[in-house]
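Just below is one structure, and these are the notes that go with it.
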Amino acid sequence: RLLFGRMEHLTWAMVRLGLRLSPHNMHKVMLRGLTTLDPEYVLRRISRKDIAFFTRMLQTMRSGDGFLNDMEHRIDDLHTIRVPVLALHSPYDKSVPLRNAQRVAREVATSELCETPADTHLIWIGPQAGHVWQRRRAFLQAQEDIQ
């Protein structure tokens, strides 16, 4: 709350400074909150293109009110959601517990739960990203076919 509330600008300025001074160490620090795996292992497995993406993402991020909203936001009843939902989750995601995706699958009648073998919360990068893209594409194609 402190780091991403009033001190948000300072927090992201420190992240950007860390990326300039020691990008590898900053990547490891950030990954500690995104994966249950060893950050060094994750960094060895992702491509240079993925590392560049991760760097650009961190350089341009701002949390603003959105991060605090995520921390405080609660929904009592998901049963009213009627649109198709694909709940993707990695067993190695340290920032969002599996129970969140399981709840969506349990309470949203039009949902599908898909576990992805991604190494981190950032399921769209890494060696398993192709699996994630294919699963998303198949889900969207199935929705288009229904309509």
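The values are calculated or read from the model by the stated rules, or taken from the named source; none is laboratory data. Nothing here was measured: the structure is a model prediction, and the numbers come from that model. Heads up, the Cβs are rebuilt from the backbone with ideal geometry, glycines too, and the neighbour counts pull from every protein chain shown. The accessibility values were calculated without ligands, DNA or RNA, using every heavy atom of the protein model including side chains. Shrake-Rupley method; radii C 1.70, N 1.55, O 1.52, S 1.80 Å.
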Quick one: what pairs do we get from segment 38-62, first residue under 10 Å from residue 27 (Cα atoms), second part of a helix (DSSP H, G or I) and open to solvent by 30 Å² or more (accessible area, probe 1.4 Å), C-beta under 6 Å, 6+ apart or different chains?
-> 39/28
From the set of residues in segment 15-45 that are hydrophobic (A, V, I, L, M, F, W, C) and under 14 Å from residue 56 (Cα atoms), which is farthest from the chain's Cα centre (by Cα)?
-> 17
Quick check: is even one residue across segment 33-42 surrounded by fewer than 16 Cβ atoms within 10 Å (Cβ to Cβ) and at pLDDT below 95?
-> yes
Single match in 104, 108, 96 (criterion: within 12 Å of the chain's Cα centre (by Cα) and either modelled with pLDDT of 90 or more or charged (D, E, K, R) (or both)) = 96
Within segment 110-127, can one find any residue that is touching a helix residue (DSSP H, G or I) at 6+ places or on another chain (Cβ under 7 Å), under 24 Å from residue 50 (Cβ atoms), open to solvent by less than 60 Å² (accessible area, probe 1.4 Å) and among the acidic types (Asp, Glu)?
-> yes
Starting from segment 89-111, take each residue that is in contact (Cβ under 8 Å) with a residue 12 or more places away in the chain and list its partners that are surrounded by 12 or more Cβ atoms within 10 Å (Cβ to Cβ) and in a helix (DSSP H, G or I), counting only C-beta distances under 6 angstrom and pairs at least six apart or across chains.
-> 89/98; 89/101; 111/104; 111/105
Within segment 96-140, residues part of a strand (DSSP E or B) and either of a type in the set (S, T, N, Q) or within 16 Å of residue 37 (Cβ to Cβ) (or both) come out as 111, 115
